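To start, the structure itself, in structure tokens.
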Amino acid sequence: EAAVTQSPRNKVTVTGGNVTLSCRQTNSHNYMYWYRQDTGHGLRLIHYSYGAGNLQIGDVPDGYKATRTTQEDFFLLLELASPSQTSLYFCASSDRPGGQYFGPGTRLTVL
Amino acid sequence: GDSVTQTEGLVTLTKGLPVMLNCTYQTTYSPFLFWYVQHLNEAPKLLLKSSTDNKRTEHQGFYATLHKSSSSFHLQKSSVQLSDSALYFCALSDLYGGSGNKLIFGTGTLLSVKP
């Protein structure tokens with residue numbers, strides 16, 4: 001099974017703060033994804049990537065940037081965090097149709 | 001557009017009883033359906049998947065059959081256990097990898113099993 005790690009696991013910031021969430025996968029998967037999970041909304045796709053240097057817009061991209069620096073590393077950036085971005089964030093990866101493998105999640109609180 | 005519908009937000013059952021969690025979908029491409037399970041404070045994990053029409057797939061006592069005629073992929077288990085208490089997501093993807101293997105998730109069904 002794919003190994004996907006995320007850091008930090010918990011983060012508290014203030015409104016207007018700058019936050020970077022990190023994700024690394026070690027199974028050479030081409031595709032990586034960032035989701036947010038909120039009660040009543042399930043998992044919603046923020047951004048995703050086909051490979052290093054590639055970025056695709058997801059379904060809820062407003063307020064988020066992302067960057068894929070290598071095949072292994074995918075970052076989510078919140079440059080002016082707002083309380084509405086308080087959520088549980090998951091990173092996932094896949095290499096072909098057949099499902100995605102999720103990291104353990106980062107709980108972000110914006111005060 | 002493409003979508004997944006899970007009609008039950010919460011299902012509460014007594015241990016040992018059977019369960020069925022509903023999942024229907026709408027899509028314009030060849031469907032690949034998934035069930036993910038998420039236990040409290042954990043990541044979603046793949047439970048079942050199928051792209052074959054009318055073929056039952058099973059894992060860890062759970063089973064589901066993709067029915068393209070009714071656009072359904074319901075999750076079932078004959079006897080639930082306390083450890084089955086979790087959030088269950090149905091998800092849809094393109095069998096041929098279009099749209100970057102994106103998954104479209106339903107809103108989830110929380111299964112609560114009582115002693």
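The values are calculated or read from the model by the stated rules, or taken from the named source; none is laboratory data. Remember, it's a predicted structure, so these values are computed and weren't measured experimentally. Here the Cβ is made from the backbone with ideal geometry for all residues, glycine too, and neighbour counts use every protein chain on show. Accessible surface is based on the protein model in full, side chains and every heavy atom, while ligands, DNA and RNA are left aside. Shrake-Rupley method; radii C 1.70, N 1.55, O 1.52, S 1.80 Å.
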Do you know which residues across the stretch B:33-58 are farther than 20 Å from B:Gly98 by Cβ, part of a strand (DSSP E or B) and more than 12 Å from the chain's Cα centre (by Cα)? B:Arg56
Out of the residues in the stretch A:100-111 that are open to solvent by 10 Å² or more (accessible area, probe 1.4 Å) and within 14 Å of chain B (Cβ to nearest Cβ), which is farthest from A:Asn27 (Cα to Cα)? A:Arg107
Within the stretch A:15-71, which residues are within 23 Å of B:Phe105 (Cβ to Cβ), among the β-branched types (Val, Ile, Thr) and more than 10 Å from chain B (Cβ to nearest Cβ)? A:Ile46, A:Ile57, A:Val60
Only one of (1) open to solvent by 20 Å² or more (accessible area, probe 1.4 Å); (2) touching a Ser or Thr at 6+ places or on another chain (Cβ under 9 Å); (3) within 12 Å of chain A (Cβ to nearest Cβ) does not apply to B:Leu46, and that is (2)
Scanning the stretch A:5-31 for residues that are modelled with pLDDT of 95 or more and either of a type in the set (S, T, N, Q) or closer than 18 Å to B:Leu46 by Cα (or both) gives A:Thr5, A:Gln6, A:Ser7, A:Asn10, A:Thr13, A:Thr15, A:Asn18, A:Thr20, A:Ser22, A:Gln25
For the stretch A:75-97, which positions are in a strand (DSSP E or B), open to solvent by less than 40 Å² (accessible area, probe 1.4 Å) and away from chain B (no Cβ under 13 Å)? A:Leu76, A:Leu78, A:Ser87
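Filter the stretch B:18-32 down to the residues that are modelled with pLDDT of 95 or more and either β-branched (Val, Ile, Thr) or in a strand (DSSP E or B) (or both) and list them by number. Lay out the reasoning, then the answer.
Residues of the stretch B:18-32 modelled with pLDDT of 95 or more: B:18-26.
The answer is B:Val19, B:Met20, B:Leu21, B:Thr24, B:Tyr25, B:Gln26.
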Just to verify a result, which residue in the stretch A:64-73, among those that are surrounded by 14 or more Cβ atoms within 10 Å (Cβ to Cβ) and not aliphatic (A, V, I, L, M), is nearest to A:Cys23 (Cα to Cα)? A:Asp73
I'd like to verify a number: residues in the stretch B:78-115 that are closer than 21 Å to A:Pro97 by Cβ, more than 8 Å from chain A (Cβ to nearest Cβ) and open to solvent by 10 Å² or more (accessible area, probe 1.4 Å), how many? 3
Among residues of the stretch A:1-14 being surrounded by fewer than 16 Cβ atoms within 10 Å (Cβ to Cβ) and part of a strand (DSSP E or B), the residue farthest from the other protein chains (Cβ to nearest Cβ) is A:Val12
